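Any read-out appearing in this document is the output of simple, stated calculations on the displayed coordinates, not a laboratory observation. Computed from a prediction, not measured in an experiment: that's the story for all the values here. Here the Cβ positions follow ideal geometry from the backbone for every residue, glycine too, while neighbour counts run over all protein chains shown.
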Amino acid sequence: MNIFLILAFLFFIGSVSGWVLELFFRRFFSRANPERKWINPGFCTGPYLPLYGNGLCLLYLISTLERLHWIADPAWNRALLFVCMAFAMTAIEYIAGIGCLKLAKVRLWDYSDEWGNIQGIICPKFSLAWAALGALYYFLIHPRILGALQWLSENLAFSFVIGLFFGVFLIDVAHSANIVVKLKRFADENDVIVRYEAVKEHLRKKKAEARAKYHFFRPFHTELPLAEHLKEMIDSFEKLKHH
């Protein structure tokens, strides 16, 4: 089967599954959500997280390297595999975070309170979590992924659904990028870094105070211009440090 179709299928599964995982993590475990509200996670508005989609593609590709037997002992060979998975996932997280921070002056997430963090984008705690997730993937998910790929090879008509997903996803990315452009404009004008999730939370609270309907899949939808809300929050944003 074409490797492009395999990776497209894995991106589809990973993006949707990652969104569900983050949805429940933020609802029940995240310290950033003490009110235990349902929060639509991530950059896009739809039910998918591209970081997890790319991550699943990498985990699949790294798992196929096990046959190279870098270390003779199978246990240590797998341990090295999990370290590679943790490094790869951390690298994806850092590239996505630093790219948005430097190019758009928008912080998608904030690990500043975590020990050993680097620029508030990655930290040892979540790198360890990625290693655990890699092990979970290897033992519980990878065999099922292989089964799913076998099923896909026998049901190639499903590729239409994958194509439909990417069509919706690309439209969503364009819409979300337009929001980020507005955030960047405000950040440039006021010399600050905008916290993406904080803005969404601010808009949710404003909706609650006004007893207005909150759109779970349109968290930036508001009657007032977005810039007006950003002005209310300006004191909570990071000031840019000039060297």
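Summary table
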item	result
Spatial separation of Cα centroids for the stretch 51-103 and the stretch 115-142, in angstrom	10 Å
Ellipticity estimate at 222 nm from DSSP helix runs (n ≥ 4, -39,500 (n - 2.57)) divided over the chain, nearest 500	-21000 deg cm²/dmol
The chain: most fluctuating residue of 50, 219, 124 per GNM, C-alpha cutoff 10 Å	124
Dipole magnitude of the chain, debye to nearest 20 (Cβ charges: Lys/Arg +1, Asp/Glu -1, about Cα centre)	520 debye
Crossing angle, helix 50-63 versus the chain [Cα axis fit, 0-90 degrees, rounded to tens]	20 degrees
³J(HN,Hα) computed for each position of the stretch 127-138 - Karplus, 6.51 cos²θ - 1.76 cosθ + 1.60, integer Hz, glycine/proline x	5, 5, 5, 5, 5, 5, 5, x, 5, 4, 4, 4
Of 93, 197, 66, the one that fluctuates the most in a GNM where the chain has Cα springs shorter than 10 Å	66
Within the stretch 143-243: Cβ-based charge dipole about Cα centre, in debye rounded to nearest 20 (Lys, Arg +1; Asp, Glu -1)	260 debye
The stretch 5-22 - phi-based ³J(HN,Hα) in whole Hz, Karplus 6.51/-1.76/1.60, Gly and Pro as x	5, 4, 5, 5, 5, 5, 4, 4, 5, x, 5, 6, 5, x, 4, 5, 4, 5
Residue-span extension gain [residue 211 to residue 227] - 0.36 nm each, minus C-alpha spacing	3.6 nm
At most 14 other Cβ within 10 Å, DSSP loop - chymotrypsin sites (Phe, Trp or Tyr not before Pro), the stretch 109-197	115
Cα-centred dipole magnitude for the stretch 63-159, charges only on beta-carbon of K, R (+1) and D, E (-1), debye, nearest 20	160 debye
Dipole of the stretch 142-243 [Lys/Arg +1, Asp/Glu -1 at C-beta], most positive-end residue of 221, 151, 174	221
On Cα atoms only, tilt of 74-104 relative to the major axis of the chain in degrees	30 degrees
Residues with amide H under 5 Å from that of residue 107, placed H, sequence gap 5 or more	194, 195, 196
Read-out semi-axes √(5λ) of the Cα gyration tensor in Å, derived from the coordinates shown; its label in (i) 35, 22, 16; (ii) 25, 21, 19; (iii) 44, 20, 12	(i)
Cα long-axis angle, helix 196-209 against the chain (0 to 90 degrees, to the nearest 10)	50 degrees
Hits among aspartates and glutamates - C-alpha to C-alpha of residue 205 under 18 Å, sequence gap 8 or more where chains match	35, 197, 223, 228, 232, 235
Once exposed loop trypsin sites (Lys or Arg not before Pro) are cut out (DSSP; at most 12 other Cβ, 10 Å), longest piece of the chain	37-210
Residue-by-residue Karplus 3J(HN,Hα) for the stretch 33-45, coefficients 6.51, -1.76, 1.60, Hz, glycine and proline x	10, x, 7, 6, 8, 6, 10, 6, x, x, 6, 7, 9
